[in-house]
Amino acid sequence: MAPHVAATGSAVARSTPNSTARPIRDVPLNEAASTPTGIGELDRVLGSGLVAGAVVLLAGEPGVGKSTLLLDVAARWAAGGRRTLYVSAEESAAQVRLRATRTDALHDQLYLAAETDLGAVLAHIDQLDPQLLVLDSVQAVSVSGADGVAGGVAQVREVTNALVRVAKQRRLPVLLVGHVTKDGTVAGPRLLEHLVDVVLSFEGDRHSGLRLVRATKNRFGPADEVGCFEMTEGGIREVADPSHLFTSARAEPMPGTALTVSQEGRRPLLGEVQALVAPSAAQTPRRVTHGLESGRVSVILAVLERKAKVRLFNKEVYVSTVGGARLVDPAADLAVALAVASAAAEHAFHRPLIALGEIGLSGEVRRVGGVERRVAEAARLGFGLALVPPGSNVTIRGMRAVEVGTVAAAVDLLQLRPPKRRDPDAPRLRLAEG
Ligand code: TYD
Ligand code: MG
């Protein structure tokens, strides 16, 4: 018989279904009920906690803090009186014990095993019948019988598939660590994304304690939430109110700084841009950016030069964010422009304010999403003044939201020009009262 007959279905043997198909309304909702991990910032990203039988992949670069975070999750789960199995395939049990001592993660219900063979991991699960499994990491475990080396594509896929099966059978939540490298070459999380229920990406800056966990895939909740953490001596701490991490704590505005509210997922975060403008004798003056896209900054500098008459062609310009934050939100454009203009004029705004708006090539300030939410966050943090794109129509108690149509208008409003270049007829903000 020709093989294509199978495609019609007639040649496929029927098997017994796992369950009968039910009308959708009759499917009980609690099958996807979740249990909070007790770490609010993580629960926010997960949706509301860990779902029975769900496999969650925590992906991040080496050293970002994956083991530290998951040991903390395991310890809290255990502290709730649930048997928890932490399998380390990378570190010895003694190393993990040492970390647990330092981070206060010692609990009676937390069981530790150091194994690198999948069969041994499955045996531990059978023996202990845990209510949570943490496996650190999926790349360090191998399967005898499968092709390739540990950490290779075939092996990683095999290990993950086996754990997904066990998770579903036992209704066991599983947390997997997956390594990513900067260039993404190691067989890793990318390859596993479709196999697991939730993919969390763990990001951070090597030189600051700030860590962000974001869901890039989530079968049980929103996929655009962000959780904030801080790496400290005593382990990882959640940061429920992270705005202070991204700004330098200073009451008085300084020349060359401007504040904005960016959106990470649906979460508004206060961010600070700092700029330094210095004379240059070089043919092509230096332009250095940190935490911002250099292409965007170049566009903003060109717009300032051409549309707002801020002379930068013979100046070195350095632009940076604070606290290792990355500001890629276009709404930060206006703050970048104002920080640079303020640095060039060596003139600070008179009053703390936040600036929101994307800048177009003709110098116009364009609408951005979530203006209301961003301005509300600024108001909550005590700001009383915001520059916003035209047509934003924000009314928030205690907040004056001034709509600015162009970069030039914003520069004029704040009087960020050398005196001889100021347009005497340009409208100005009365800021003296601050
Ligand atoms: P780790 O969790 O081992 O990272 P990963 O598993 O992602 O490779 O931790 C990474 C770094 O965090 C490590 O270099 C030391 C630092 N660290 C702290 O700052 N505080 C702590 O309490 C711990 C355990 C680690
Ligand atoms: Mg680790």
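The values are calculated or read from the model by the stated rules, or taken from the named source; none is laboratory data. Because the structure is predicted, anything quoted here is derived from the model rather than measured. Cβ: placed from backbone, ideal geometry, glycine included. Neighbour counts: every protein chain shown. What goes into the accessible areas is simple: the full protein's heavy atoms, side chains included, and nothing from ligands, DNA or RNA. Shrake-Rupley method; radii C 1.70, N 1.55, O 1.52, S 1.80 Å.
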| query | Looking at residue 53, is it over 21 Å from residue 224 (Cα atoms), away from ligand 2 (no atom under 16 Å from the Cβ) and in contact (Cβ under 8 Å) with a residue 12 or more places away in the chain? | reply | yes
| task | Return the total of residues in segment 57-89 being within 21 Å of residue 218 (Cβ to Cβ) and more than 16 Å from ligand 2 (Cβ to nearest atom). | result | 2
| note | Among strands (runs of 3 or more DSSP E) completely within segment 55-156, the ones holding 1 or more residues that are among the β-branched types (Val, Ile, Thr) and crowded, with 18+ Cβ neighbours inside 10 Å are 55-60, 84-88, 132-136
| task | May I ask you to list the residues in segment 197-227 that are more than 16 Å from ligand 1 (Cβ to nearest atom) and open to solvent by less than 20 Å² (accessible area, probe 1.4 Å)? | result | 197, 198, 215, 226
| said: Looking only at segment 345-368, filter to residues that are at pLDDT 95 or above and of a type in the set (D, E, K, R); which one of those is farthest from the chain's Cα centre (by Cα)? | reply: 364
| query | Does segment 97-115 contain any residue that is within 16 Å of residue 141 (Cα to Cα) and of a type in the set (Val, Ile, Thr)? | reply | no
| Among (1) away from ligand 2 (no atom under 16 Å from the Cβ); (2) open to solvent by 70 Å² or more (accessible area, probe 1.4 Å); (3) within 27 Å of residue 162 (Cβ to Cβ); (4) acidic (Asp, Glu), where does residue 26 come up short? | (3)
| query | Counting only residues that are more than 30 Å from the chain's Cα centre (by Cα) and more than 14 Å from residue 410 (Cα to Cα), which one in segment 306-344 is most open to solvent (accessible area, probe 1.4 Å)? | reply | 306
